[in-house]
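Here is the structure we will look at, set down as structure tokens.
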Amino acid sequence: MGKEERQYNKMINTPVKKLVLTLGIPTTISMLVTSIYNIADTYFVSNLGGGAAGAVGVVFPLMAIVQAIGFTFGMGSGSMISSKLGEKKDKDAQKLGSSAFYVAMILGIVLAVFSLIFINPLMKLLGATDTNIDYAVDYARYIIFGYPIMIGSFVLNNILRSEGKSLLSMIGLTTGGVLNIILDPIFIKTFDMGISGAAIATIISQLVSFIILLSMFLFKKSIITLSPKFITKESWVYKDIIKVGFPSLCRQGLASLATILLNNQAGMYGGDPALDAMSIVSKVYMIVFSASLGIGQGYQPVCGYNYFAKKYSRVKEAMFFTFACGFTLMLITCVGLFIFAETLMGAFVSGSKEVVEIGARVIRYQSIAMPFLSLNVIANMSFQSTKKKIQATILSCCRQGIFFVPFILLLPLMFELTGVELTQALSDFCTFLFTIPFFIVFVKELNRKIKTEEV
């Protein structure tokens, strides 16, 4: 029995709860470590003062664009790979993996060159102020050099997860994340490199992650083989990657737009203290969101394999179990954040009561709404894994697009800084309400298919 057949049998026969946890826990750990090293960046940089924390927030949209490209090709190819493996079309899976990886790397190089040429006006566009633009440029300059390896890592990570090999993915991501946490104080403080040191630490850690992830393919730990010979001119490959990955492009692209608008509105109504507070809070909530997103990404290959293998009862069981896990984790975390909001902000900021007060209010607002996002995560990933592109795209656009954009533009006009603080929480709750009918329709579809499955 070949490794493809063994993996297929594992994905469609292993008890669902055990399978989701086996795949979801490593993915969650990877997401948490990634979020924690972003927090570490923010923590060490915030101690530099002078708007440095806000500068990291300014550069975040660039990271979101990189993620958008990486997730488009990674989740687009990954979702297709899991469905092709579920249908036992292994040659098609090989074409999808290699084509996605090499094209994404080329796009990363092109984007890096463009960003370096226009770095100063780009920082202004992203919301940099006269106070923090020098910090932003210093930080961004190094981050931009890392675009190709960041994008490549996203693709490699998602391909491994799509195969049901999230443990291998975790090894690469967590190693890089831990390394970043270690390197931050060394470069920032010991070598006295300031905000540039944080960026260099990030790039080194990203390179290490990339090398480890790539080695999984080079040493044939994966089902997919990355080779130029598998790059195809067949248009269906690229069409399917883009179509299936488009919701991820929308989600990450809108995250970038949302951050730009948030930075501009925060700076306008609250100055540098509000900009610093929003930057810190966004990093904190990356950890919270990763709890649900990580277990959800572990669920995706389970959904893809079993849906296209026509094991619909397993899909339904996996979906509800994953939702329960994600909601519980986020609820527990958000309760803790609500209670200790001031203490948490105080750990990042010393000597700025205003930053602490603004950040604590935003944390409490978001803590009330965010647990409900678990429903959007599981619905979105279900639609993406089952090639329901329109539904997946619509749900991906909700949180930081359909609701966030009008709220961030209108609420500050009515409530000034309070409007800025409330925007994300209101967007999250509206997203939850909007997702409910989509989720119900999908459950009904599964119930119909389960009846035919039983017959």
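For the range 126-200, run through the trypsin sites (Lys or Arg not before Pro) and keep only the ones in DSSP coil with at most 11 other Cβ atoms within 10 Å of their Cβ.
Numbers: sites: Arg141, Arg161, Lys165, Lys189; in loops: Lys165.
Passing sites in the range 126-200 do not exist.
If I stretch the segment between Leu167 and Glu87 completely, what's the gain in nm (0.36 nm per residue apart, minus their alpha carbon distance), one decimal?
Using 0.36 nm per residue and subtracting the Cα-Cα distance, I get 26.5 nm.
For the cross-link pairs Lys84/Lys451; Lys3/Lys220; Lys17/Lys91; Lys91/Lys220; Lys243/Lys387, which exceed 20 Å when the distance is taken from alpha carbon to alpha carbon?
Beyond 20 Å: Lys84/Lys451; Lys17/Lys91.
Just one of (1) 32.2, 124; (2) 21.3, 69; (3) 23.2, 78 is Rg and Dmax of the Cα atoms in Å calculated from these coordinates, so which is it?
(2)
With +1 on the Cβ of every Lys and Arg and -1 on the Cβ of every Asp and Glu, and nothing else charged, how large is the dipole of the range 3-454 about its Cα centre, in debye rounded to the nearest 20?
Working: 38 positive and 26 negative charges, 486 e Å.
Taking the Cα centre of the range 3-454 as origin, the dipole is about 2340 debye.
Kindly put Lys220, Lys449 in sequence by how many other C-beta atoms sit within 10 Å of each C-beta, fewest to most.
Numbers: Lys220 10, Lys449 17.
Going from sparsest to densest Cβ surroundings: Lys220, Lys449.
Label 7 Å along Cα→Cβ of Glu4; the range 220-256 residues with amide nitrogen under 12 Å?
223-225
Could you work out the longest stretch of the chain that avoids the chymotrypsin sites (Phe, Trp or Tyr not before Pro) located in DSSP loops with at most 14 other Cβ atoms within 10 Å?
The segment 220-339 is the longest one with no such site.
Extension gain Thr232-Asp134, at 0.36 nm per residue separation less the Cα-Cα distance, in nm?
Value of the extension gain: 30.9 nm.
Using +1 at the Cβ of each Lys and Arg and -1 at the Cβ of each Asp and Glu in the chain, identify which of Phe404, Ala309, Leu179 lies farthest towards the dipole's positive end.
It is Ala309.
Here, each number is a calculation from the coordinates, and none is a lab measurement. What you are looking at is a predicted structure, and each value in this text was computed from that prediction instead of being measured. Glycine also receives a Cβ, built like all others from the backbone with ideal geometry; neighbour counts cover every protein chain displayed.
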